[in-house]
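J.: Just passing along the structure, written as structure tokens.
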Amino acid sequence: MKSRKKTIILIILVGIVICCGGIWLFLSRYFFYDKYNVHAQKAVMDTLSERYHQEFELLSTEFETKAVGTEGAGYVHMWTYALQDEQGRQFRAYERLYGLVEKGDGNFHASDYFNYIDDTYGQLCIEESFDNQFDLSPYRQEKGNRLDEPEWEDYLFTCEKDHADETAKLLTEFYFKETELWDDGCLKCLVKDEEGETLFSYFWWDVTRELQKQEKEITDQTVYAYILQELEN
């Protein structure tokens, strides 16, 4: 009789352990902000596929949590994915989510994981398209380190006084190279003056929409004129 009771107790304990393990595994994959969260990975892969119209291979995943703002103000949970395209070109993609606690934070809602996704693939492609014509590397912004900023620009340009035409020419070329690469733009550029004041925030779709609103044909000249006007205002 005692042996039977011990067996029953052992079976119950094993069942409890298995149930707890299953719950933890489920939460780790579908709720907790951790390396194994499937919502974060799917949001990144779906976003990249839609943005660049191709599929990418996932090579590795890193996860970290850091405090942002003043002490106790909150935390950012960030996934860093290493990926490669069909030609073997490697790049990184980032997924960020914010919370109030450092550990044990999470979210069941898959749609919420699409809020803050960024990558370096656009930088890789645009710099290849410029080839030796212009070196963009001095202006490239490293992503993944400014965790408390809601958006990361891809390039930061300084427009020197009386040289707005040169910056406008560069961004005009930028616009048409993006047009060749993708159906719509994905790169963000910020132009500041020598004192650090923002003169113009470039995004392909904003330029396109503004020219369409003005009922102007999209040509080298109209894009250049619009960007120059924005820089000089």
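Bear in mind these aren't lab numbers, they're just calculated from the coordinates by the rules spelled out. The structure presented is a predicted model; accordingly, all values stated were derived computationally and were not measured. For neighbour counting, all protein chains shown are included, and Cβ atoms are generated from backbone atoms with ideal geometry for every residue, glycine included.
J.: Nearest 500 deg cm²/dmol is fine: what mean residue ellipticity at 222 nm does the chain get from its DSSP H runs of n ≥ 4 alone, each adding -39,500 (n - 2.57), divided by its residue count?
T.: Roughly -13500 deg cm²/dmol at 222 nm, from the helical runs in the chain.
J.: Could you give the semi-axes, largest first, of the ellipsoid that matches the range 138-198, computed as the square roots of 5 times the alpha carbon gyration tensor eigenvalues and rounded to whole Å?
T.: 20, 19, 8
J.: I've got another one for you. Any idea what the relative contact order of the chain is, in percent, if you count C-alpha pairs under 8 Å spaced at least 6 apart?
T.: Normalised by residue count, the contact order of the chain is 13 percent.
J.: Relative contact order for the range 159-233: what is it in percent, counting Cα pairs under 8 Å that are at least 6 residues apart?
T.: Result for the range 159-233 is 35 percent.
J.: Give me the aspartates and glutamates in straight-line cross-link reach of LYS35: C-alpha distance below 18 Å, same-chain residues under 8 apart excluded.
T.: Correct list for LYS35: ASP46, GLU57, GLU62, GLU64, GLU95, GLU102, ASP105, ASP112, ASP118, ASP119.
J.: If you don't mind, another one. Would you calculate the separation in nanometres between label points at GLN229 and ASP184, each defined as 7 Å from the Cα along the Cα-to-beta-carbon direction?
T.: The two pseudo-label positions are separated by 2.3 nm.
J.: Let me ask something else about it. Take the Cα atoms of the range 79-137, build their convex hull, and give its volume per residue in Å³.
T.: With only Cα atoms used, the range 79-137 gives 126 Å³ per residue.
J.: Would you mind checking the tilt of helix 220-232 against the longest principal axis of the Cα atoms of the chain, expressed as 0 to 90 degrees and rounded to 10?
T.: Once rounded, the angle reads 80 degrees.
J.: Now for a different question. Trypsin sites (Lys or Arg not before Pro), restricted to the range 77-120: which are DSSP loop and have at most 11 other Cβ atoms within 10 Å?
T.: On the way: sites: ARG89, ARG92, ARG96, LYS103; in loops: ARG89, LYS103.
Counting only loop positions with at most 11 other Cβ atoms within 10 Å, the trypsin sites (Lys or Arg not before Pro) in the range 77-120 are LYS103.
J.: Per residue and in cubic angstrom, what volume does the convex hull of the Cα atoms of the chain have?
T.: Residue-normalised Cα hull volume stands at 165 Å³.
J.: Extent of the range 66-106 along each principal axis, from alpha carbon coordinates, in Å, largest to smallest?
T.: 44, 20, 10
J.: Grab the other residues whose beta carbon is less than 11 angstrom from that of PHE114, score K and R as +1, D and E as -1, and report the net.
T.: On the way: positive: LYS42; negative: ASP46, GLU50, GLU95, ASP112.
Charge balance in the 11 Å sphere: -3.
J.: Less than 12 Å Cβ to Cβ from ASP46, Lys/Arg counted +1 and Asp/Glu -1: what total charge do the surrounding residues give?
T.: Net charge in that neighbourhood comes out at -1.
J.: Now, a different point. Give me P(r) over the range 132-233, computed from all C-alpha to C-alpha distances, binned every 5 Å, as integer percentages.
T.: For the range 132-233, the pair-distance distribution reads 2, 12, 23, 25, 21, 12, 5, 1, 0.
J.: With no solvent and one point on each alpha carbon, what is the Debye value of log10 I(q)/I(0) for the range 37-106 at q = 0.11, 0.13, 0.20, 0.23 Å⁻¹?
T.: -0.32, -0.43, -0.81, -0.96
J.: Additional query: Nearest 5 is fine: what % of DSSP beta bridges in the chain come out antiparallel, could you say?
T.: Approximately 90 percent, going by the DSSP bridge assignments.
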